[in-house]
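Participant: Below is the structure I would like to discuss, written out as structure tokens.
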Amino acid sequence: MLRKKKVPILFEDESIIVCEKPIGMPVQADNTRDMDLETYLKHYLFEKQEGEEEPYLAVVHRLDRPVGGLMVLAKTKEAAAELSRQIQEFEFEKCYQAIVCGNLQEEFGTFEDMLLKDGKTNTTKVVKPGTKGAKEAILDYELIDMIETKEGVLSWVLVILHTGRHHQIRVQFASRGHGLYGDTKYNPMYQKTKKKYMQLGLYSTRLAFFHPVTGKEMVFKTEPQGEAFDLMDVEAF
């Protein structure tokens with residue numbers, strides 16, 4: 001049960017808290033009523049403090065529910081504003097590792113697209129420049145390894161995300177015929193599966209930003225987790 005999952009905390013001070021979100025845990029409350037990261041951490045902070053006032057905690061960036069990995073949350077309004085500024089001005093570095101289907105033709109690459117989110121279906125698609133409501137999406141990738149499996153070739157890639165659009169990594173790779181492992185929403189290979197939920201081959205493995213108060217550079221790394229990475233016999237990156 002997700003309610004029993006513990007959230008590893010890598011760093012905490014008066015301004016921020018850096019943690020590793022478990023795979024399958026929502027960042028914020030949804031209609032499933034499963035324990036979400038924000039609620040979990042608020043309970044954690046409440047138990048530490050003196051008094052009955054609800055602790056302040058702000059989500060400044062997100063991970064899709066099937067995606068695990070590193071996140072930073074702000075414990076003050078000032079920290080939230082500064083971290084949000086860094087994200088908007090591309091001073092906040094987010095790196096992921098992903099398992100995608102197929103053999104990538106280039107070992108290094110950049111994807112630049114215009115993405116449009118459909119709130120009714122909770123999906124995003126690549127659209128033509130000039131489309132109303134579309135937002136620019138940019139990422140770089142580097143091929144780490146490839147393996148042959150019963151389902152075909154799987155490629156393990158490092159992804160540097162320059163923009164944080166809805167389902168960005170999933171959509172940009174899928175639009176090029178390289179859907180993510182286990183992605184029942186965008187990868188045709190898994191859309192007909194009888195499983196409603198599969199572990200997604202995507203993990204947030206590195207965060208780099210400047211501390212919102214001291215200005216010190218903060219860098220955090222972790223190993224990718226999940227069945228997709230187990231297939232690749234992953235070691236720490």
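The values are calculated or read from the model by the stated rules, or taken from the named source; none is laboratory data. Remember, it's a predicted structure, so these values are computed and weren't measured experimentally. Using ideal geometry, Cβ is built from the backbone for each residue, glycine included, and neighbour counts are taken over all protein chains shown. These area figures cover heavy atoms from the full protein model, side chains too; ligands, DNA and RNA do not enter into them. Shrake-Rupley method; radii C 1.70, N 1.55, O 1.52, S 1.80 Å.
Participant: Examine the range 85-100 for a residue that is open to solvent by less than 10 Å² (accessible area, probe 1.4 Å) and more than 23 Å from PHE220 (Cα to Cα), and state whether such a residue exists.
Facilitator: Yes: one or more hits.
Participant: If you check every pair at least six apart or on different chains, which have Cβ atoms under 6 Å apart with a residue in the range 123-142 that is closer than 21 Å to LYS185 by Cβ first and a residue that is charged (D, E, K, R) and surrounded by 13 or more Cβ atoms within 10 Å (Cβ to Cβ) second?
Facilitator: THR124/LYS117; VAL126/ASP113; LYS135/ARG165; ALA137/ASP113; ALA137/ARG165
Participant: Oh, and also: Can you go through LEU45, LEU57, LEU41, LEU83 and tell me which one is modelled with pLDDT of 95 or more, more than 29 Å from LEU158 (Cα to Cα) and more than 16 Å from the chain's Cα centre (by Cα)? Break it down into steps so the answer makes sense when it comes.
Facilitator: Values: LEU45 fails: modelled with pLDDT of 95 or more; LEU41 fails: more than 29 Å from LEU158 (Cα to Cα); LEU83 fails: more than 29 Å from LEU158 (Cα to Cα).
That would be LEU57, the only listed residue that is modelled with pLDDT of 95 or more, more than 29 Å from LEU158 (Cα to Cα) and more than 16 Å from the chain's Cα centre (by Cα).
Participant: Still on this structure, I have one more. Criterion first (open to solvent by 20 Å² or more (accessible area, probe 1.4 Å) and either part of a loop (DSSP other than H, G, I, E, B) or of a type in the set (A, V, I, L, M) (or both)) does THR110 satisfy it?
Facilitator: Working: open to solvent by 20 Å² or more (accessible area, probe 1.4 Å): yes; either part of a loop (DSSP other than H, G, I, E, B) or of a type in the set (A, V, I, L, M) (or both): no.
No.
Participant: VAL157 - would you say it is of a type in the set (A, V, I, L, M, F, W, C), assigned to a strand (DSSP E or B) and in contact (Cβ under 8 Å) with a residue 60 or more places away in the chain?
Facilitator: Details: of a type in the set (A, V, I, L, M, F, W, C): yes; assigned to a strand (DSSP E or B): yes; in contact (Cβ under 8 Å) with a residue 60 or more places away in the chain: yes.
Taking the combined requirement at face value, the residue satisfies it.
Participant: Now for a separate question. Please find, within the range 14-38, the residue that is nearest to VAL60 (Cα to Cα) out of those that are of a type in the set (D, E, K, R) and without any contact (Cβ under 8 Å) to a residue 12 or more places away in the chain. Before you say what the answer is, go through the steps one by one.
Facilitator: In the first step, residues of the range 14-38 are kept if they are of a type in the set (D, E, K, R); the result is 14, 20-21, 30, 33-34, 36, 38.
Still in the list and also without any contact (Cβ under 8 Å) to a residue 12 or more places away in the chain: 33, 36.
On the way: ARG33: 22, ASP36: 15 Å.
Selected residue: ASP36.
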